[in-house]
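Below is one structure; the comments refer to it alone.
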Amino acid sequence: MNSNAASPAGPASPAGPASPAGEAHGEATATGESVLTLTVMRKEHLADAVVRLTLARPGGGTLPAWTPGAHLDLLFGEGLERQYSLCGDPGDTSSYQVAVLRVDDGRGGSRYVHDELAEGTAVRVRGPRNNFALVPAPAYLFIAGGIGITPIVPMLAEADRRGADWHLLYGGRTRSSMAFAGRLAQRWPGRVRLCPQDEDGMLDLDPVLRSPSPHTAVYCCGPAPLLDAVEQRCRPWPQGALHIERFTPRVREDEGSGTTFVVELARSGRELTVPAGRSVLEAVEEAGVEVLSSCREGTCGTCETTVLGGEPEHRDSLLTPHERAAADVMFLCVSRCRGDRLVLDL
Ligand code: FES
């Protein structure tokens, strides 16, 4: 996930100053997830309008482990936070790397990274968290659009390490705008196909998705139109074959503000009323119950909560149809209730 590709998460507020440097260890949040203060060790140009940040503990040391597909929350202060996919080597436990596309008309996160975050600056991070994990499969088809390449990069090395048969179809506006393109094509010339739009036109999905394969896992990350096109072509594919990561919320024209329902917090037995137009997350926060959240638009996965009773009305952009049907988790920032009562593990 690279939130400034299209999806920044978190409230739209001006970027505040960077956190003061010097905290070498984690602080625990009220919800138990740790927040680390790291230092921008390196900031480098990666492609047109794309910079890569290398973050590490100021005094060195090991960072929490992660797996390909994971993202990190960068907390810039004053309510501004964004999620960025980790694009480095999971085997390197001394630093994290994220690549950030500058979006001039975005909500400020990428401009903050490009304009304010200098080498030596302290930045608070939370995570890593993985909503886009690489499942075991004999073969993989990776499809990336633009900055959507970032979570895919470590997946390629992992697929290779597993001895899987894999291919990458990678599109971008121009060759110079496509981060990692040269390196990937050079390393895996037979597996990587680069499709700069000004040379080759739009990504041609039909040849690679026309024939469903029971052995191939499809991973796609990029702008919403690409994800929609891939989703549509994967309908005949086996259930669970397609894995996508959305930067922006899925468009749902048929959803209104919802109806009123009751949420029971199982750990305390408290009952809260959630009126139309109010989210479960807001109701829970107002009641003084700490729930971790970040994007508040159903894309980052931070507010995932176990459902013990009732049927959620899923409005997130994360769960697969299969996971939705299981009805055992929901994302409190957007999802609601199909009936009049939900019981949550809170
Ligand atoms: S806060 Fe991001 S999914 Fe709910």
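The values are calculated or read from the model by the stated rules, or taken from the named source; none is laboratory data. Predicted, not measured: the structure shown is a model, and the values here were computed from it. FYI the Cβ positions are ideal-geometry reconstructions off the backbone, even for glycines, and counts take in every protein chain you see. Ligands, DNA and RNA are stripped out before the accessible areas are found, and what is left, the full protein with its side chains, is counted by its heavy atoms. Shrake-Rupley method; radii C 1.70, N 1.55, O 1.52, S 1.80 Å.
What the table below lists for this structure:
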item: Residues within region 274-304 that are without any contact (Cβ under 8 Å) to a residue 60 or more places away in the chain and either away from the ligand (no atom under 11 Å from the Cβ) or closer than 12 Å to Arg336 by Cα (or both), tallied; result: 14
item: From the options Ala99, Ala65, residue that is in a loop (DSSP other than H, G, I, E, B), modelled with pLDDT of 95 or more and not polar (S, T, N, Q); result: Ala65
item: Answer residue from region 328-346, given it is more than 10 Å from the ligand (Cβ to nearest atom) and closer than 21 Å to Gly256 by Cβ and is surrounded by the fewest Cβ atoms within 10 Å (Cβ to Cβ) among those; result: Asp340
item: Cross-chain or 6+ apart pairs with Cβ under 6 Å, region 212-231 first and within 14 Å of Thr150 (Cβ to Cβ) and in contact (Cβ under 8 Å) with a residue 60 or more places away in the chain, then surrounded by 14 or more Cβ atoms within 10 Å (Cβ to Cβ) and among the small types (Gly, Ala, Ser); result: Cys221/Ala144; Cys221/Gly148; Gly222/Ala144; Gly222/Gly145; Gly222/Gly146; Gly222/Gly148; Pro223/Ala6; Pro223/Gly145
item: Failed item, numbered, when Pro236 is tested on (1) more than 23 Å from the chain's Cα centre (by Cα); (2) crowded, with 21+ Cβ neighbours inside 10 Å; result: (2)
item: When residues of region 121-139 are limited to those that are in contact with a Pro (Cβ under 7 Å, 6 or more places away or on another chain) and surrounded by fewer than 21 Cβ atoms within 10 Å (Cβ to Cβ), the one farthest from His167 (Cα to Cα); result: Ala122
item: Filter result for the condition that a residue is among the charged types (D, E, K, R) and surrounded by 19 or more Cβ atoms within 10 Å (Cβ to Cβ), over Arg111, Arg107; result: Arg107
item: Region 49-76 - residue that is open to solvent by 20 Å² or more (accessible area, probe 1.4 Å) and among the charged types (D, E, K, R) and, of those, farthest from Pro151 (Cα to Cα); result: Arg57
item: Qualifying residue in region 282-295 (condition: within 22 Å of the chain's Cα centre (by Cα), crowded, with 20+ Cβ neighbours inside 10 Å and farther than 21 Å from Val35 by Cβ); result: no
item: Filtered residue count, region 116-142, keeping only those that are among the charged types (D, E, K, R), outside any loop (DSSP other than H, G, I, E, B) and at pLDDT below 95; result: 2
item: Pairs where the first residue, in region 189-211, is within 14 Å of Gly171 (Cα to Cα) and the second is modelled with pLDDT of 95 or more and among the polar types (S, T, N, Q), C-beta under 9 Å, 6+ apart; result: Val192/Gln186; Pro196/Thr174; Pro196/Ser176; Pro196/Ser177; Gln197/Thr174; Asp198/Thr174; Glu199/Thr174; Leu203/Gln197
item: Test result for Ala159, open to solvent by 40 Å² or more (accessible area, probe 1.4 Å) and closer than 14 Å to Pro68 by Cβ; result: no
item: Any hit, region 84-92, residues being out of contact with any Gly (no Cβ under 8 Å at 6 or more places or on another chain), at pLDDT 90 or above and within 16 Å of the ligand (Cβ to nearest atom); result: yes
item: Among (1) over 23 Å from the mean Cα position of the chain (by Cα); (2) assigned to a loop (DSSP other than H, G, I, E, B) - the single one Val208 does not satisfy; result: (2)
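Here's the yes/no breakdown for (1) touching a strand residue (DSSP E or B) at 6+ places or on another chain (Cβ under 7 Å); (2) buried (at least 21 other Cβ atoms within 10 Å of the Cβ); (3) hydrophobic (A, V, I, L, M, F, W, C):
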residue	(1), (2), (3)
Arg175	yes, no, no
Arg183	no, no, no
Gly190	no, no, no
Cys195	yes, no, yes
Asp198	no, no, no
Ser211	no, no, no
